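Asker: The structure under discussion is supplied below as structure tokens; questions concerning it will follow.
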Amino acid sequence: MLDEKNLNLAGWLSIIAAGLIIPGLAISLSLEMAKEKSFALLSLEGLYNIGYGLISVYLFVMFKRLLNQKASFHEVDTYINLLIWLTIAHMALNVIALPFTEAKELLEMGMYFLLIPIGLIHVVFGAKLLKSEDNLFGYLKPLSYLTIATGIMMALIVLALFAMITCIIGNVILALVFFKSAKLIQTQGSLSPKWDQSMVNDKLMASNKYAS
């Protein structure tokens, strides 16, 4: 079961992931502009991608668990699992690339091609996420639309650079969802909605309104 501690950890890791995107871009641009790509710089890029990938896998797992436990929503489980495995495949390519600098360009091509399925899965994932009856503290729609936009730009590859902007915003929103979920557990001891008498009365009033 999710608890306040690991939800807060997921929230802070989401913030860290958002903050790492720009430095990652700077490392990639440095490599592109360098006349001779040093092993040290290539290793830094590889280690960065592995570290960012590990954080991403953890956040995917935590978000799936949150949707399962808070919203009883399982429609996106398959898509999250696919994104986890594609992220692991991307990390594996980076590990393979570290000692083989001469094959870096070929491996990079493989990583670029991975963006297409990753992007398409993001699009379907975001669209399916909109079906959740839990609005995730009001962040369901913005998070879903950002996921769809990110997926479209990643799948087109040429717009992948702009996907970084939506990724940053999406990670910040995801952090807010995790933090608010942790606060919910702190205040009521559970992720499930607390059905007090006022909520029951609201439901009855809404039912009577439609009946009339």
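Asker: Tell me the net charge near Leu67. Cut-off is 12 Å between Cβ atoms, Leu67 excluded, with +1 for each Lys or Arg and -1 for each Asp or Glu. Walk me through the numbers before you get to the answer.
Answerer: Working: positive: Lys64, Arg65, Lys70, Lys128, Lys131; negative: Glu75, Asp77, Glu133, Asp134.
Charge balance near Leu67 sits at +1.
Asker: Something else now. Taking a ≥ b ≥ c as the square roots of the Cα gyration tensor eigenvalues, with a/c under 1.5 meaning rounded and otherwise prolate when a/b beats b/c, else oblate, which class fits the range 1-145?
Answerer: Since a/c reaches 1.5 and a/b is larger than b/c, the shape of the range 1-145 is classed as prolate.
Asker: For the range 1-57, which semi-axes, largest first and in whole Å, follow from the square roots of 5 times the eigenvalues of its Cα gyration tensor? Let's see the in-between values first.
Answerer: Working: eigenvalues 188, 23, 7 Å².
Here the semi-axes work out to 31, 11, 6 Å.
Asker: Here is a follow-up. Enter the Cα centre distance for the pair the range 42-66 and the range 1-41, rounded to the nearest angstrom.
Answerer: About 8 Å separates the Cα centre of the range 42-66 from the one of the range 1-41.
Coordinate-derived values only; no laboratory data. Model, not experiment: these values are computed from the prediction. Because the Cβ atoms are built from the backbone with ideal geometry, glycine has one as well, and the counts that use them run over all protein chains shown.
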